[in-house]
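Structure record follows, encoded as structure tokens.
Bear in mind these aren't lab numbers, they're just calculated from the coordinates by the rules spelled out. Since we're looking at a predicted model, the values are computed, not measured. Counting neighbours? That spans all protein chains shown, and the Cβs are built from the backbone with ideal geometry, glycine included.
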Amino acid sequence: MDKILATGGAGYIGSILTKQLLDAGHSVRVLDCLFFGDSGIKQFHKNENFELINGRIENPEAAKKAVKGCSAVLHLAGLANDASCDISEEKTRLINYEGTKLLLKYAKSAGVQRFIYGSSASIYGAGKNISLTESSPLSPVSLYAKYRIRCEEALFDAASKDFTVCALRKSTVFGYSPRQRLDLVINAMSAHAFNRHEITQMGGSQWRPNLHVSDAANAYITCLRADKDAIHKQVFNVGSNSENYTVGQIAQMIADEFPNTKIVHKEVANSASYNLNFDKIGRTLGYKAKVSVKEGIAELKNALNNNLIPAYENNIYYNAKRMLDLQKEGAF
């Protein structure tokens, strides 16, 4: 049985992906430093097809060990939002960029056949138009996005006829996961609507494409199963044309789902805005995102009602806050 390496496989998207891979009959190895605990994967510890390496992608020994014997790498690990990267550019470069280059180097030398990189729609940054395609200009406005671009460049530099690579430019992710995040726009607003009966709308006119966490995970599996010629050296926007919304529209949908919620408006300057087109991934790979924003908000409401997201102000739900805690402890 082919072994698949999922870096960051205990994370918000990664834990969902790990489950999908195991359910599909794959043997899965996860490389994760467990900065956010193991709540996303603890259910798999007794599964004979599951293996965990507790390590960091920028550590040569961990990276080399992780790729050994794997047919594919699904690379999700790294600092995963603007605020986390803004804490330290040097750490961002080391983890997100140098760590990715290290994985590429060892994966290629170990005979890994396929490397799928989790990029981000944020690289379009201050998008000038709507329905941006994969060939639209990149206009990053954050350190996080700038290093995503550099990682894509390293990815394609490493490509060869025996080393198939592609990048997934994922939309802003939302929804419930066993390793929950509440620092994403839909998740954050939903938690605040439930707990405070008030949400803060930062700006309102800026566009965001949205992608449910299970659909994000499924995009990796789609690329894993696709003919290599269909994905080699390709980038794909991941999302749904119908799920592009302005921040103001998102706020209103959440207020509609959570009655008696007050919307507080705050202006923002120089905010990123990107409205994406997703025809390529559907046309090329037959991929289709299934869960709508409205369905995801209802899912979050159900999770909150059933106390699946307790103590919503705990730093474990917020990447940057958790990174600052780890920095104080000397781990980050």
Unsatisfied cross-links (Cα-Cα over 24 Å) in the set 91/233; 146/266; 280/301; 19/46; 3/105; 68/280: 91/233; 146/266; 280/301; 68/280
Tilt of helix 185-196 relative to the longest C-alpha principal axis of the chain, in degrees (0 to 90, nearest 10)? 50 degrees
Could you pull out every residue, at least 5 positions away or on a different chain, whose amide H is within less than 5 Å of the one on residue 246? Hs are placed 1.01 Å off N in the peptide plane, and Pro or chain starts have none. 208
5 Å is the cut-off here: which amide hydrogens, built 1.01 Å from N in the peptide plane, fall below it relative to residue 198, excluding neighbours closer than 5 in sequence? 193, 262
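Among DSSP beta bridges whose residues both lie in the chain, state the antiparallel percentage, nearest 5. Don't skip to the end; give the middle numbers.
On the way: 4 of 45 bridges.
In the chain, approximately 10 percent of DSSP beta bridges are antiparallel ones.
Taking 0.36 nm per residue of sequence separation and subtracting the Cα-Cα distance, how much length would be gained by fully extending the chain between residue 327 and residue 34, in nm to one decimal?
Values: separation 293, 0.36 × 293 = 105.48 nm, distance 1.46 nm.
Gain on extension, residue 327 to residue 34, equals 104.0 nm.
Evaluated at 37 °C with a viscosity of 0.692 mPa s, what Stokes-Einstein diffusion coefficient in µm²/s does region 3-329 have when Rh comes from the Kirkwood expression over alpha-carbon pairs?
Numbers: Rh = 19.8 Å.
Estimated diffusion coefficient is 165 µm²/s.
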So how tilted is helix 14-23 from the main axis of the chain? Cα-based, degrees 0 to 90, rounded to 10. 60 degrees
At 7 Å along the Cα-to-beta-carbon direction for both residue 195 and residue 308, put a label point, then send me their distance in nm to one decimal. 1.7 nm
For region 248-297, shape from the Cα gyration tensor axes a ≥ b ≥ c, cut at a/c of 1.5 then a/b versus b/c, turns out oblate
Report the relative contact order of the chain, percent, no decimals, based on alpha-carbon pairs under 8 angstrom and at least 6 residues apart. 19 percent
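Say R0 is 45 Å: what FRET efficiency, to the nearest 0.05, do residue 130 and residue 88 get from their beta-carbon distance? Could you put the intermediate results ahead of the total?
Details: r = 34 Å, r/R0 = 0.76.
Rounded to the nearest 0.05, the efficiency is 0.85.
Output the peptides 282-293, 97-108 sorted from most to least packed, where packing is the average of other Cβ atoms within 10 Å over each peptide's residues.
On the way: 282-293: 15.9, 97-108: 21.5.
Averaged packing, sorted descending, gives the order 97-108, 282-293.
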Amide H neighbours of residue 3 under 5 Å, counting only residues 5+ apart in sequence or on other chains, H built in-plane at 1.01 Å? 71
Compute the long axis of helix 213-225 from its Cα atoms, compare it with the longest principal axis of the Cα atoms of the chain, and write down the angle in degrees, 0 to 90, nearest 10. 20 degrees
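How much length, in nm to one decimal, is gained on full extension between residue 260 and residue 59, taken as 0.36 nm per residue of separation minus their Cα-Cα distance? Spell out each step's value before the answer.
Working: separation 201, 0.36 × 201 = 72.36 nm, distance 4.91 nm.
Going from the current span to full extension adds 67.5 nm.
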Distance in nm between residue 71 and residue 162 label points, each 7 Å along Cα→Cβ, equals 1.7 nm
Does region 71-131 classify as rounded, prolate or oblate by the C-alpha gyration tensor (a ≥ b ≥ c root eigenvalues; a/c under 1.5 gives rounded; else a/b over b/c gives prolate, otherwise oblate)? oblate
Go ahead and collect, in residue order, the members of region 273-293 whose backbone nitrogen is under 15 Å from a label point 7 Å along the Cα-Cβ direction of residue 202. 273-274
Under the rule a/c < 1.5 gives rounded, and otherwise a/b versus b/c splits prolate from oblate, where does region 117-186 land using the Cα gyration tensor? oblate
